[in-house]
1. Considering the chain as a Gaussian network with a 10 Å cut-off on Cα pairs, which listed residue, Gln143, Gln87, Gln123, attains the greatest mean-square fluctuation?
2. Pop a pseudo-label 7 angstrom from the Cα along the beta-carbon direction at both Val176 and Ala148 and give the gap in nm to one decimal.
3. Per 10 Å bin, what percent of the C-alpha pairs of the stretch 109-154 does each bin hold, from zero upward?
4. Of the candidates Leu50, Leu155, Leu124, which one comes out as most mobile in a Gaussian network treatment of the chain with C-alpha springs shorter than 10 Å?
5. Which angle between 0 and 90 degrees, to the nearest 10, do you get for helix 34-43 versus the longest principal axis of the chain when only C-alpha atoms count?
6. Going by the alpha-carbon gyration tensor, a ≥ b ≥ c the square roots of its eigenvalues, is the stretch 1-58 rounded (a/c under 1.5) or, if a/c is not under 1.5, prolate (a/b greater than b/c) versus oblate?
7. With the contact rule set at Cα under 8 Å and sequence spacing of 6 or more, what percent relative contact order holds for the chain?
8. Using the heavy atoms of the protein chains and a 1.4 angstrom probe, tell me the accessible area per residue for the chain in square angstrom.
Amino acid sequence: VSPGRIIFANPCKFDSHIRYAASVGVNRTTFDSGTEVEKIREFHPRCSLLIRIKPPDDGGSMWLLDSKFGALPEEVEPLLQAAKAAQLPVIGVSFHIGSRAACSRAYAVAIEAAKKVFEAAAQLGMPPMSVLDIGGGFTAGIQFEEAASTIRAALKTYFPDTTGMSIIAEPGRFFVES
C-alpha cells in the first residue's frame with residue numbers, strides 16, 4: 001500500500017514512530033489528545049489529522065474500544081482549537097464503535113456525532129473536512145447487512161452531499177469471519 005493511503009491510527013504514538021511515519025510519507029494520523037497534537041506538531045508538522053471521537057453508543061460490542069481512545073464531546077472543540085493553533089490541518093473524523101457490535105444503531109449515532117464535529121470545525125473557521133472513517137468491528141452475515149443499511153441511511157441523513165468526501169471503513173473482522 002502506498003504511504004498516501006495509510007492513516008497512522010495508533011492512539012498513543014511514540015516520538016520515534018511519528019518521525020518514521022514522516023520519513024516514509026505517511027502523512028495522515030488520528031489524534032484524541034492535546035499531547036498527541038504537540039508530538040505531531042514537533043515531529044511531523046506536515047501531517048494531516050483525523051480527530052478520533054468516542055462513539056456515544058458501543059452497540060453491545062464484544063470488545064470495547066472506548067476505554068482506550070476517542071475524544072469526548074466536550075473535548076472536541078478544545079482539541080480542534082489545539083490542532084488549529086499548531087497549524088495542523090484536521091481533514092476528518094474517525095471513530096470505532098468496537099468489535100462485533102450487536103446493534104447497528106451505534107453506527108448511526110456515531111455518524112451523527114461525527115457530523116457535529118464537522119460542524120464544530122466549520123464554526124471555528126477551519127477548512128472543510130473531507131474524510132469520515134467509520135471504523136470496523138463488522139460481523140459477517142445478517143448483522144453486516146443491517147449495519148450497512150444503517151450506515152447508508154445515516155450517511156444520507158447527516159452527510160447528504162458526499163461530493164469530494166472519502167468515507168473509509170475498516171472491515172478486517174468481516175473479511176476474517178467471512
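1. Between Gln143, Gln87, Gln123, it is Gln123 that shows the largest mean-square fluctuation.
2. About 2.1 nm, to one decimal.
3. Distribution as computed: 23, 43, 22, 10, 1 percent.
4. Of the options given, Leu124 has the highest mean-square fluctuation.
5. Approximately 50 degrees, to the nearest ten.
6. oblate
7. Numbers: 339 pairs, mean separation 33.2, N = 178.
Over the chain, the number comes to 19 percent.
8. On the way: 9070 Å² over 178 residues.
Accessible surface, normalised per residue, equals 51 Å².
The values are calculated or read from the model by the stated rules, or taken from the named source; none is laboratory data. Predicted model, so just to flag it, every value in this text is computed and none were measured. As a convention, Cβ positions derive from the backbone with ideal geometry for all residues, glycine included, and neighbour counts pool all protein chains shown. These area figures cover heavy atoms from the full protein model, side chains too; ligands, DNA and RNA do not enter into them. Shrake-Rupley method; radii C 1.70, N 1.55, O 1.52, S 1.80 Å.
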